[in-house]
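The values are calculated or read from the model by the stated rules, or taken from the named source; none is laboratory data. Computed from a prediction, not measured in an experiment: that's the story for all the values here. Backbone-built Cβ (ideal geometry, glycine too); neighbour counts: all protein chains shown. In case anyone asks, the SASA skips ligands and DNA or RNA and just uses the protein heavy atoms, side chains included. Shrake-Rupley method; radii C 1.70, N 1.55, O 1.52, S 1.80 Å.
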Amino acid sequence: MKILCIGRNYINHAKELNNPVPSEPVFFIKPDTALLRNNDDFYHPDFSEEIHHEIEFVVRIGKLGKNIDSKFAHRYIDSVALGVDFTARDIQSKCKEKGLPWEKAKAFDHSAPISKFIKASEFEDLQNIEFSLKKNGEIVQLGNTRDMIFKINDLIAYLSKFFTLKIGDLIYTGTPAGVSKVNIDDHLVGCIEDREMLNFHIK
Ligand code: ZN
């Protein structure tokens, strides 16, 4: 499986990093070794001084597809989850300066914590879901999927032009504002509406 991640999909986050608001989706891929499941501890890697949390709404693909029309894209989603796109911001900044790829900063081991999955059919409208991240008991990120620049169905259509989407592939749909550095001993809790989805520690 592969993890497709969307960058700069919320205006307030693009602005906080002084990035232009994109005219088409920005995306990158993480390998399956990036996944961190079951609320396992995240061990802070020593190659970075500045790992940022990015809380993201995640959809899982339930049907093989290529060149999917956005009208039919909803049929390709089987479930949803909450994920963190851990980003080595210091490394990413250097990559950006030099015009180099971001993999070192984005795709390292355990850079993609993922919650349990909930059937997509349990939600009336995937494009109106609140999600949040608490760091040490304080809300640091609060978003709603309605604020995405590129909506989920359009993301599926766009990504499937380049990649065959396979059952089990995950799409991390971008982060709202409020990203910040994590430190050893931090405690992160992520919620989709009232449901606690993530609850783990930085070690
Ligand atoms: Zn992200």
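Name every residue in the range 55-74 that is among the charged types (D, E, K, R) and either more than 19 Å from Arg146 (Cα to Cα) or open to solvent by less than 30 Å² (accessible area, probe 1.4 Å) (or both), in order of residue number.
Those that are among the charged types (D, E, K, R) and either more than 19 Å from Arg146 (Cα to Cα) or open to solvent by less than 30 Å² (accessible area, probe 1.4 Å) (or both): Glu56, Lys63, Lys66, Asp69.
Matching residues to (1) at negative phi; (2) in contact with a Leu (Cβ under 8 Å, 6 or more places away or on another chain); (3) not in a strand (DSSP E or B):
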position: Phe150; (1), (2), (3): yes, no, yes
position: Asp154; (1), (2), (3): yes, no, yes
position: Gly178; (1), (2), (3): no, yes, yes
position: Asp185; (1), (2), (3): no, no, yes
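With respect to (1) more than 18 Å from Ile129 (Cβ to Cβ); (2) open to solvent by 10 Å² or more (accessible area, probe 1.4 Å), the lone exception for Ala88 is condition (2). Considering the range 132-148, the residues that are assigned to a strand (DSSP E or B) and open to solvent by 60 Å² or more (accessible area, probe 1.4 Å) include one that is farthest from Ile55 (Cα to Cα), namely Glu138.
Only one entry of Ile118, Ile167, Ile129, Ile171 meets the criterion of being surrounded by 14 or more Cβ atoms within 10 Å (Cβ to Cβ), within 16 Å of Ala73 (Cβ to Cβ) and in contact (Cβ under 8 Å) with a residue 24 or more places away in the chain, and that entry is Ile171. Residue check: Cys95 meets all listed conditions (1) within 16 Å of the ligand (Cβ to nearest atom); (2) closer than 27 Å to Cys191 by Cβ; (3) free of Cβ contacts under 8 Å to residues at least 12 places away in the same chain but one, namely (2).
Can you tell me which residue is nearest to Arg60 (Cα to Cα) among those in the range 148-193 that are away from the ligand (no atom under 16 Å from the Cβ) and basic (Lys, Arg)? Only one residue tops the list, namely Lys166.
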